[in-house]
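Shown next, in structure tokens, is the structure this report addresses.
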Amino acid sequence: MIAQGFASLLGFRLLLGIGESPAYQSNIKATGEWFLKQERGLATGIYDSGARAGAAAAAPIVAGLIALMGWRGSFVVTGAVGLLWAAAWVWFYRRPRRHWMASEAEVEYIEAGQDHEPEGEEHRVSEADDRSRIRWIDLLRYRAV
């Protein structure tokens with residue numbers, strides 16, 4: 001196996017964290033592309049709950065893998081599953097207008113419920129928007145934060 005001790009295990013764990021980091025941003029982007037504005041809260045709740053449930057279910061599954069194959073084998077299996085999932089996502093996911101399974105009526109329905117911001121255009125911040133922005137330190141005053 002590739003990992004030989006604590007240092008390599010730590011290194012691979014850091015790489016895993018780096019690889020997982022875009023997951024929530026990708027979920028937000030996909031939700032914005034595929035769901036109507038008023039449906040996004042439910043969709044976000046579902047994928048966020050799925051991530052939490054997956055983390056809870058992973059503990060006994062990985063413990064079973066460790067019992068069967070050792071800790072290195074558990075990394076191989078979970079890594080392979082992750083790579084298969086990523087490959088399936090790259091193969092299957094497309095924007096609604098480009099997806100082969102989305103009918104024209106479905107695409108029109110989705111687009112009718114979207115925020116209409118041109119694709120690929122960056123949001124430009126005006127001087128007025130810039131002055132009305134809150135500072136990061138001020139966020140700490142809010143109880144929810």
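Where a number appears in this text, it was derived from the coordinates with a stated rule and is not lab data. This structure is a prediction, so every number in the text was calculated from the model and none was measured. Note: ideal-geometry Cβ built from the backbone for every residue, glycine included; neighbour counts use all protein chains shown.
Look at Phe75, Phe6, Phe12, Phe35 and count the other Cβ atoms within 10 Å of each Cβ; fewest to most, that gives Phe6, Phe12, Phe35, Phe75. Sequence-distant contacts, meaning Cα pairs under 8 Å at least 6 residues apart, place the relative contact order of the range 6-117 at 36 percent.
For the range 6-117, a simple Cβ point-charge model (Lys and Arg +1, Asp and Glu -1, everything else neutral) yields a dipole of about 500 debye relative to the Cα centre.
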